[in-house]
Amino acid sequence: MPDQNPHIVTEAEWQEICRLPAVRDAWGLDDDVDPLEFASCVYGAKFNFRSGSPGYVGDLYILQGDALTEVKPLVLRRDNKGGLIVC
């Protein structure tokens, strides 16, 4: 893989992430959550993922709460239409 380093999640990506029902449920987010406030209490990284065999290629996000026992990490990727889904 040419780029194995994590990248910063942009503000627009945090907004998209905060709209996902699985993320909202996992962290108990209200409808009016500020995406940057959420980002301040979650570890988030974006990877330019390339599968070692035929499979997924594209954005891959990993979200982890601020405690290892609080919420299981979520892995997100893009679907065929470009929207985010939970893996």
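Each listed q (0.21 Å⁻¹) maps to a log10 I(q)/I(0) for the chain from the Debye sum over equal C-alpha point scatterers, namely -1.04. Among Gly65, Gly28, Gly52, the largest mean-square fluctuation in a Gaussian network model of the chain, built with springs joining Cα atoms closer than 10 Å, belongs to Gly52.
Between Asp32 and Asp3, what length comes free when the chain is fully extended (0.36 nm per residue of separation minus the Cα-Cα distance, one decimal in nm)?
On the way: separation 29, 0.36 × 29 = 10.44 nm, distance 3.51 nm.
Extra length from Asp32 to Asp3 when fully extended: 6.9 nm.
Looking at the chain, the accessible area is 66 square angstrom per residue; that uses a 1.4 Å probe and ignores ligands, DNA and RNA.
Would you mind calculating the gained length between Asp25 and Ala67 on full extension (0.36 nm times residue separation, minus the Cα-Cα distance), in nm to one decimal? Mind showing how you got there, number by number?
Details: separation 42, 0.36 × 42 = 15.12 nm, distance 1.68 nm.
Gain on stretching Asp25 to Ala67: 13.4 nm.
For the set Lys46, Lys72, Lys81, solvent exposure ranked by accessible area (probe 1.4 Å, protein chains only) runs largest to smallest as Lys81, Lys72, Lys46.
Annotation for Asn80 and Val57: the two label points, set 7 Å from Cα along the Cα-Cβ direction, are 1.8 nm apart. Simple rule: put +1 on each Lys or Arg Cβ and -1 on each Asp or Glu Cβ in the chain, find the dipole, and look at Thr10, Pro21, Val86; the Cα lying farthest toward the positive end is Val86.
So, with +1 on the Cβ of K and R and -1 on the Cβ of D and E, and no other charges, what is the size of the charge dipole of the chain about its Cα centre, to the nearest 20 debye?
Numbers: 8 positive and 14 negative charges, 122 e Å.
The dipole of the chain has a size of about 580 debye.
Placing a pseudo-label 7 Å from each Cα along the Cα-to-Cβ vector at Thr10 and Cys87 gives an inter-label distance of 2.2 nm.
The values are calculated or read from the model by the stated rules, or taken from the named source; none is laboratory data. As the structure is a prediction and not an experimental result, all values here were calculated from the model. Note: ideal-geometry Cβ built from the backbone for every residue, glycine included; neighbour counts use all protein chains shown. Each accessible area value is taken on the protein alone, full model and side chains, heavy atoms only, with ligands, DNA and RNA left out. Shrake-Rupley method; radii C 1.70, N 1.55, O 1.52, S 1.80 Å.
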